Amino acid sequence: MKTAIIYISIHHGNTKKVVDEMAEVLDADLFDLTKQKVNIAEYDVIGLASGCFYRNMHERIIKFAAETDFLKKQRVFLVCTCGIAYRDYTKSTKRILNKKGVEVIGSFQCRGFDTFGPFEKIGGVAKGHPNEKDLSEARAWIELKIQAHKKSV
Ligand SMILES: Cc1cc2nc3c(=O)[nH]c(=O)nc-3n(C[C@H](O)[C@H](O)[C@H](O)COP(=O)(O)O)c2cc1C
């Protein structure tokens, strides 16, 4: 099961820490969308990952989700890190993909160190996140998701 994880991690590298763990579990290829163009044709599973920016995934990830022609066999999972995790910030990306008929096998979200706006004055929120617990949860989550997906094909 060939897997790519396409990410943007520009605030504090929080999302990169999570996708590094997942890529190790999956033996996935990682693509930084700020630096690389990505051809997803050869992949079965595609992860899209970013921090949360104004209650959504990064706009470039959303654009990628909206504009990419996914193949019928391809499945997508979403990963988001955020300062304050009071809701699922991957929802609108998931909706865009679902509308195109792309199956999203799940979303993983955890907190990530955040110094945006007023939070900078107080030294940031979600200090130390993603921490070891977040990262081990990320590993366990993706292992389960991939196992379930492998069983279904
Ligand atoms: C411009 C900007 C907007 C943000 N908006 C939100 C938000 O709406 N909700 C939230 O929980 N975190 C928000 N954050 C915090 C980031 O989502 C969080 O720090 C994330 O882990 C950053 O990931 P990265 O280091 O991989 O880029 C924002 C950060 C920035 C810089």
Next item on the list: Looking at (1) in contact (Cβ under 8 Å) with a residue 24 or more places away in the chain; (2) within 18 Å of Met22 (Cβ to Cβ); (3) more than 16 Å from the ligand (Cβ to nearest atom), find the lone condition where Ser50 falls short.
Entry: (3)
Item checked: Close pairs (6 angstrom Cβ cut-off, 6 or more residues apart or separate chains): closer than 15 Å to Met57 by Cα and more than 11 Å from the ligand (Cβ to nearest atom) in the stretch 1-29, among the β-branched types (Val, Ile, Thr) and open to solvent by 10 Å² or more (accessible area, probe 1.4 Å) anywhere -> Ile6/Val38
Check: Only one residue in Lys73, Lys100, Lys121 is more than 11 Å from the ligand (Cβ to nearest atom), free of Cβ contacts under 8 Å to residues at least 24 places away in the same chain and over 20 Å from Lys16 (Cβ atoms). Which one?
Finding: Lys121
Notebook entry, point to check: When you scan the stretch 30-40, how many residues do you find that are open to solvent by 40 Å² or more (accessible area, probe 1.4 Å), away from the ligand (no atom under 16 Å from the Cβ) and either touching a residue at least 24 places away in the same chain (Cβ under 8 Å) or outside any loop (DSSP other than H, G, I, E, B) (or both)?
Noted result: 0
Note to self: Among the residues in the stretch 124-136, are any within 24 Å of Met1 (Cα to Cα), more than 10 Å from the ligand (Cβ to nearest atom) and either crowded, with 16+ Cβ neighbours inside 10 Å or at pLDDT 95 or above (or both)?
What the structure shows: yes
Note to self: Against the definition (closer than 24 Å to Ala65 by Cα and modelled with pLDDT of 95 or more), how does Glu103 come out, yes or no?
What the structure shows: yes
Notebook entry, point to check: If Gln147 satisfies every condition in (1) open to solvent by less than 80 Å² (accessible area, probe 1.4 Å); (2) under 30 Å from Ile40 (Cβ atoms) but one, which is the exception?
Noted result: (1)
Notebook entry, point to check: Taking the stretch 41-96 on its own, how many of its residues are in a loop (DSSP other than H, G, I, E, B) and either closer than 21 Å to Asp134 by Cβ or not hydrophobic (A, V, I, L, M, F, W, C) (or both)?
Noted result: 19
Notebook entry, point to check: In the stretch 17-29, which residues are in a helix (DSSP H, G or I) and either more than 18 Å from Phe64 (Cα to Cα) or of a type in the set (Asp, Glu) (or both)?
Noted result: Lys17, Val18, Asp20, Glu21, Met22, Ala23, Glu24, Val25, Leu26
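The values are calculated or read from the model by the stated rules, or taken from the named source; none is laboratory data. Fair warning: this is a prediction, and the values are worked out from it, not measured in the lab. Please note: Cβ atoms are built from the backbone with ideal geometry, for glycine as well, and neighbour counts cover all protein chains shown. Quick note on the areas: whole protein, heavy atoms, side chains included, nothing else; ligands and nucleic acids left out. Shrake-Rupley method; radii C 1.70, N 1.55, O 1.52, S 1.80 Å.
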